[in-house]
Every structure is written in structure tokens, then in C-alpha cells.
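What follows draws every value from the coordinates through simple rules; no lab data is involved. The shown structure was predicted, so the numbers you read here are calculated from the model rather than taken from an experiment. Don't worry about glycine lacking a Cβ; one is built from the backbone with ideal geometry, like all the others, and counts go over all protein chains shown.
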Amino acid sequence: MHNRLGSMKPAPSVCEAVWKADSVETAIETIRTFFSLHHVTCHLGFSNSSIVEAPYVKSTYSSEWLARYLLKRYLLVDPVVLEGFSRRLPFDWTELAVTPEAQALLADARAFDVGTCGYSVPVVDKSNRRSLFSITANMPEEEWRRFTAENGGALVDLEQIVHQKAVIEAFGPEQRFPHLSEREIECLSLIAQGKDSPSIALILGLSENTVRAYLKSIRHKLDCTTMAQAVAKAIRHRVIGS
Amino acid sequence: MFTTIKEVNYAENEVVLAEMFRLRKRVFHDVLGWDVPVKGDQERDFYGSLGPVYLVWCDPELQVLYASLRLMPTTGPTLLSDVFSDTMPNAAAFSAPGIWEATRSCVDVESLARDFPSLSPGKAFGLLLLATVECCLAHGIETVVANYEPRVKRIYERSSAIFDEVGRADGYGKFPVCCGAFEISERAVSRMRERLGFSEPVFTPYSATPRQLAA
């Protein structure tokens, strides 16, 4: 077994094992074992409006902790999640600003032995889908910093693989989002802002008939019957902003 | 008369279709200099194998051709989305039931000059578009996306067609290629008819001619 302090620099074997894992759960368990971590979590495609998108989370945390997290709606105050999805670079949890609302979460996390140290890797793909890959451990801070500094690169590589697996699990194997032209994305964004066809026609300098044709093409391509459904789908796939 | 030749009627209209493929070769290959597949004296491409609808302007016996274009649904493979996705992404984007594409629009200036000496080629293009709008309206189509040369755009404007130019690109031949999204509606039909001086439909739904029935 690998020593927790050992540098895992070339990690092709673990990458392969993670690739071959039959599920995201198995993949994160593989990573946890390999690095002797306390916990590993993959959190995919968080959006601010939970109505639009139920969070996809796979974690080695105890089911008691996950249940409590959901029950207490900690997702809405968790600094890792709130900041993590707007960050691009990997970060140590000590970098996060802790709001008063998050104090209860932190106390609870300690009680449920989530881990004393935490580190997260944000990932964004070509389709603008995001995920957050978090690891925790129980060790002195200095030792933890050395570990993350030495293994940061390997963790980023591993998170890319986990992200791809999570996307397939969450959205299905056919994950090529239909291509939309710039004009279609403009129309969809304006719909999301509450504009109707006549207003969009004015804004874009097109006839209403052409705007309706673009909107119809969007619905057809996204397999949606209404524009509301198309907007929700486009936000979920990060084609337009929420 | 303007009518449509659908896949089920190809066989009984071999003469006029062959004439159409020859006209397309003369117009798109010889005159406009497009990179289109030519076989002998005809222009035939891949999309012709998909059973498109040809809107033709012919004599009542369907023997002499004056103009033609090709209609295809944008839910399937289309020339505009395949050829212009890079150069005209906003024109290539259309894909939905009720949106069709019209390509290979052309008029035969020689047969028109012989049989309709008082009709200008410009008016002929306007009539071809009016027939297309009437035909599409009769089939529940709401929008037609079509390509044309810059010169023809002015003809369409003078014919009171309701359309937006949604793309324009160079590099396909002697002139730029433009793409327009045309409104198909009662309003569009009546505006065009009034401008072109017609009170009755110019489009005639296809029916086998007595001569073809006898054959």
C-alpha cells in the first residue's frame, strides 16, 4: 500500500483503475484508497436554482452525514460549494471565507468526522459543465499542505476522469449537446431574460417570423416542447447563464 | 404552370427532370462557377438521392422547363446546414418541422425568352418565389430558408417577399452566396401576388397529365 506521505507523481496505475471503475462511486473509492484519504467527493454541475437542477453528488462520506447535510440544507451555505463552483484553480479549504451561516455546518462537520483538512479541484469542460472534486484527511496542516502540493497535478488529472464518468452517469452516455448557432444562443438568452418574439425581433433587427423559426429550431434541437423547457435545459448544460 | 414533382412522380417525369439537371449544370457550374458535381451535361448531387421535392415551372404537358428549385425539410440532412455551417452558421442553424430549405433555384432564360418574350428574368425569379410561397403555405410550412445571389435579393425585395437575410459568404463562385429566411403566410402570398399582378394562385398542385396517364 502507498504511504500517505509518499509522492504519487507518476500515477498511471491509479488513473487506469479510476478509468476502468464501473461507477463514480467505485472511482472515488479507488482514489480514496490509493492516497489513504479520509473522504472523497464528486459534486457535478451545481446550479444556483436547485429547481432547475438537483445536485449530483457521489461521496465516501457516511450516509448519516449526507442525510444531515441534505436535511439541514447545508448546500446553500457550504463555502466549499458556493465558492468552489466559481473558482477555476484548486484550493485548500483554509482559503475559504466562512460566513456566520456556515458556522453550524462546520461544527456539525467536525462532529460527523468529515476530516480536519480539505482540498478541492474545480473542473469545467467544453460544454461548460462544472464539477467539484473534494478530498479530506485527518492530519496536521503542514503535512496536508505538503501532500496537496506534491499531488496536486495527479488530483487534477484524476478529477478530469471522474468528471467525465459523472457526466455520463448524470446525463446519459450520449452527451453531445446539440450545436446551437450564435444567433440561436442570443435568442435563447433573450427568452431567459423574459423577452417575447416581437421584442427579440426588434433587438436583433429580424422579422418576427425569423425569430419564431430560430425559437422553433432551438426547441426541435433540444427536444423540448416549450421555450421554458428549452431554457432550463440550456442552463443545465451551461449553454446560457442562469 | 408551377407544380411540384415528388419522389413518387420522378419516373413519369424523367424528361423534365433531366432538363432540370441540365439547366442546373448550365447555371451553377457554367455561369456561377460553383463547385458542384457534374455528370455529363447534368448537375446532380448527393441531396438528389434523398427524395427531395422539385418545384418546377413547365408547360402544361410537363415537357418544357422554365425554372426549378429543390425543397427539403430541415429536420433531415440539408445542403445549407452541411455546406454553410462554418461560413453562415446562423443560416445553417434552422432545423425544425415547418421549416424547409429551398436550394438550386434557377430560371432558363432561353426557354423563357422563346415562350414568354415579354417576361423579364427578374420577374421570372419573383414568380418562382411566389409559387414556392404558395406551395409551402398549402403544405403547412412556416419558413423557407433559401440561398440566392446578391442580384436576386433585389428581385425578391421588389417582389414584396417578406424575408431576412441571415447569412452571406464569399468563396463559392463568381458572386457571394446569400441565405434568407422567408416568411410563408397568407400575408406574404397576398403581398407578392399584388406586387406581381396576380389575383389567382400561380401554383397548381401536381396531377398526372392526360398524356402521362395514357402512357
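Between A:Ala111 and B:Ser207, the modelled label-to-label distance comes to 8.5 nm, taking each label 7 Å out from Cα in the direction of the beta carbon. Loop-located trypsin sites (Lys or Arg not before Pro) in region A:126-217 (DSSP state other than H, G, I, E, B) with a sparse environment of at most 11 neighbouring Cβ atoms within 10 Å: A:Lys126, A:Arg176. Among A:Pro55, A:Pro90, A:Pro12, the largest mean-square fluctuation in a Gaussian network model of chain A (Cα springs under 10 Å) belongs to A:Pro12. Within region B:87-103, which residues have the backbone N less than 20 Å from the label spot 7 Å out from A:Glu208 along Cα→beta-carbon, could you tell me? Residues B:98-99 qualify, since their backbone N sits under 20 Å from the label point. The Cα atoms of region B:2-214 cover 49, 42, 34 Å along the three principal axes, with the biggest extent listed first.
For the listed residue pairs B:Lys25/B:Lys123; A:Lys216/B:Lys123; B:Lys39/B:Lys174; A:Lys20/A:Lys221; B:Lys153/B:Lys174, the alpha carbons are over 25 angstrom apart in A:Lys216/B:Lys123; A:Lys20/A:Lys221. Charged neighbours of A:Ser197, selected by a Cβ distance under 12 Å, balance to +1 (K, R count +1; D, E count -1).
Note on chain A: GNM, Cα springs under 10 Å; of A:Ala111, A:Ala17, A:Ala102, the largest mean-square fluctuation is that of A:Ala111. Modelled spin-label separation between A:Ser62 and A:Asp196, with each label point placed 7 Å from Cα along the Cα-to-Cβ direction: 5.7 nm.
On the basis of the beta-carbon distance and an R0 of 56 Å, B:Phe175 and A:Arg87 show a calculated FRET efficiency of 0.65.
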